[in-house]
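Quick notes on the structure that follows.
Please treat every number below as a calculation from the coordinates, not as lab data. All figures in this text were calculated on a predicted structure; none of them were measured in a lab. Please note: Cβ atoms are built from the backbone with ideal geometry, for glycine as well, and neighbour counts cover all protein chains shown.
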Amino acid sequence: MSSASSSVRRIAATVLAAGAIVSAAALPAAAHDGDRHQQRHPRVEISRVQADSPGRDHRSNRSLNAEWVEITNTTRDAINLRGWTLRDSDGNRYRFDNVRIAGHATIRIHTGNGRDTRTDLFQDRRDYVWDNRSDTATLRDDRGRTVDTETWGRHR
């Protein structure tokens, strides 16, 4: 009986060890599935930047509004950007009010003055924000986490 119970213990230990190995092997796959799920969560990105308004930089409102950043919602769900910020590398900041960006939509944030619409927002500034030669646009969510950055020209 002692040899039978010893065999049962060995078999049980082998089964438990095999189960632990299978569980450990499955763990990275489960973690990877979680990563893919994370990528499907709402994503907003800086899709285009026009830092150098066409023509001469004479600070007219028309020229200021020809300097802009586009933000695109790549998901199908609308996202509220309330409290989000858009900054340049000099610390100039634009804070979004109660702005909803529709799914698969793009909004353009102009530097100058204007009336906000669903597709165009205005910073109401009287001077250029984005450096023509090199700068970085940083989009942060309402908790201050960096959502996306776009850099052009020489890196400072």
Inset, instruction - For the range 67-73, take each phi angle, set θ = phi - 60°, evaluate the Karplus expression 6.51 cos²θ - 1.76 cosθ + 1.60, and give the result in whole Hz per residue in order, putting x for glycine and proline. - result: 9, 7, 10, 9, 10, 10, 8
Inset, instruction - Determine the sum of side-chain charges near L81: Lys and Arg each +1, Asp and Glu each -1, restricted to other residues whose C-beta is under 9 angstrom from that of L81. - result: -1
Legend entry - Fully extended contour minus Cα-Cα distance, from R76 to R43, at 0.36 nm per residue: 10.9 nm
Inset, instruction - Give me the distance in nm between label points sitting 7 Å out from Cα along the Cα-to-Cβ direction at S134 and D90, one decimal. - result: 1.6 nm
Inset, instruction - Compute the signed sum of charges (Lys and Arg +1, Asp and Glu -1) over the other residues within less than 11 Å, Cβ to Cβ, of E70. - result: -1
Legend entry - Modelled FRET efficiency - R0 30 Å, T106 with T149, Cβ distances, 0.05 increments: 0.95
